[in-house]
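Asks: I'd like to ask you about the structure that follows.
The values are calculated or read from the model by the stated rules, or taken from the named source; none is laboratory data. These numbers come from a predicted model, not from an experiment. As a convention, Cβ positions derive from the backbone with ideal geometry for all residues, glycine included, and neighbour counts pool all protein chains shown. Heavy atoms of the whole protein, side chains included, go into the accessibility calculation; ligands, DNA and RNA do not. Shrake-Rupley method; radii C 1.70, N 1.55, O 1.52, S 1.80 Å.
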Amino acid sequence: AEELLRRADRALYADKAQHSGAITDPSRVAAVFGAGLFDAANDPELQSLTETLAETLGVPVAALALITDREAIYAAQTGFDGDLAETCRLQLGESYCQYPAATGRELVVGDTGSDPMLRDNFSTTELGLRAYAGIPLKLDDITIGVLCAASDVPKEWTPEQLGALRMAADHAMRRLAR
């Protein structure tokens, strides 16, 4: 019964993420750009947060993404390689972060390669990410971004790890609200 409930919740999550319209909502997009958070790029405190988070969770990637209607713009990150490390941007459809941003809910996936919503995503097929956990970052109850962690191997996220990610997201929002 628990597995059936989990699958039903994932199906509802996927449907809401794909049909919510929240990502392109003009008031959400205005809030993202109006918050002046793009100045947070290269913020040493946020950079340190992602580095500490990756180390704490035992994963190679941690990032803070600001989500526009077209892109995920990474204001801080640890573990990106190649072009992504240079640009710190992905088209929205290429990023897992689009889903927690669209739903306003956490997304935790232990194996992206077997997840129907993520298995064909660019982050799985091209970047090689195989596990993901993302927490929406909200300003005045509007999702403006996502703090996330990812691994290149499937991973069972523990309650302690998810608690650490939530605490880091709270810290990131306090920092961004300054």
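Asks: Among (1) in contact (Cβ under 8 Å) with a residue 12 or more places away in the chain; (2) more than 16 Å from Glu55 (Cα to Cα), which single condition is Ala164 missing?
Replies: (2)
Asks: When the residues of the range 84-106 are narrowed to those that are among the small types (Gly, Ala, Ser) and outside any loop (DSSP other than H, G, I, E, B), which ends up farthest from the chain's Cα centre (by Cα)?
Replies: Out of the qualifying residues, it is Ala85.
Asks: May I pose another question? What do you reckon, is Glu45 modelled with pLDDT of 85 or more, open to solvent by 80 Å² or more (accessible area, probe 1.4 Å), under 15 Å from Leu147 (Cα atoms) and in a helix (DSSP H, G or I)?
Replies: So Glu45 fails the test.
Asks: Provide a single number: the residues in the range 51-71 that are without any contact (Cβ under 8 Å) to a residue 40 or more places away in the chain, crowded, with 18+ Cβ neighbours inside 10 Å and touching a strand residue (DSSP E or B) at 6+ places or on another chain (Cβ under 8 Å).
Replies: Residues flagged as without any contact (Cβ under 8 Å) to a residue 40 or more places away in the chain, crowded, with 18+ Cβ neighbours inside 10 Å and touching a strand residue (DSSP E or B) at 6+ places or on another chain (Cβ under 8 Å) within the range 51-71 amount to 1.
Asks: Take the range 67-83 and flag every residue that is outside any strand (DSSP E or B), in contact with a helix residue (DSSP H, G or I) (Cβ under 9 Å, 6 or more places away or on another chain) and over 16 Å from Thr50 (Cα atoms).
Replies: Of everything in the range 67-83, those that are outside any strand (DSSP E or B), in contact with a helix residue (DSSP H, G or I) (Cβ under 9 Å, 6 or more places away or on another chain) and over 16 Å from Thr50 (Cα atoms) turn out to be Thr68, Asp69, Arg70.
Asks: Go through the range 26-49 and report how many residues are free of Cβ contacts under 8 Å to residues at least 60 places away in the same chain and closer than 23 Å to Leu129 by Cβ.
Replies: 3
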